[in-house]
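Pasting in a structure now, in structure tokens, and then I'll have a few things to ask.
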Amino acid sequence: MNNKYIMITTTFDNEEEANKIINLLLEKRLVSCCQLSNITSSYHWKGNIEHSKEYLLQMKSKKNLYKKIEKEILNNHSYETPQIICYDIVDGYKGYLDWIGEETK
């Protein structure tokens, strides 16, 4: 595997905003698949420890599309400092990875 595929994660405080970005990324064929989950996040923010309900978005794509995806998220996200993390997919079922490649441009 040549680390050609990635998974990107970000979080939102509301489902509507998450779905807006999901649809945007899918329509532009920047991602092949998105999964949205309810989570509880705990973190330091501006001198305080915060606990909040959030939505975790996981997206699959190609590594060469990462900067475009990051730009779309930043242009449409309401957080001052959104979590945007990219993970290399180092191995996986070839059929699924091929599908990611076919569904993204």
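The values are calculated or read from the model by the stated rules, or taken from the named source; none is laboratory data. The structure displayed is predicted, hence computed values, not measured ones. Because the Cβ atoms are built from the backbone with ideal geometry, glycine has one as well, and the counts that use them run over all protein chains shown. Accessible surface areas use protein heavy atoms only, side chains included; no ligands, DNA or RNA. Shrake-Rupley method; radii C 1.70, N 1.55, O 1.52, S 1.80 Å.
Is there any pair with a first residue in segment 15-37 that is under 17 Å from ASN75 (Cα atoms) and a second that is small (Gly, Ala, Ser) and open to solvent by less than 60 Å² (accessible area, probe 1.4 Å) whose Cβ atoms are under 8 Å apart and which are 6 or more apart or on different chains, and what are they?
Hits for this filter: LEU30/SER61; VAL31/SER61.
Please go through segment 39-68 and give me each residue that is touching a His at 6+ places or on another chain (Cβ under 7 Å) and closer than 18 Å to THR81 by Cβ, ordered by number.
Of all residues in segment 39-68, those touching a His at 6+ places or on another chain (Cβ under 7 Å) come to 40, 42.
The one that is touching a His at 6+ places or on another chain (Cβ under 7 Å) and closer than 18 Å to THR81 by Cβ: SER42.
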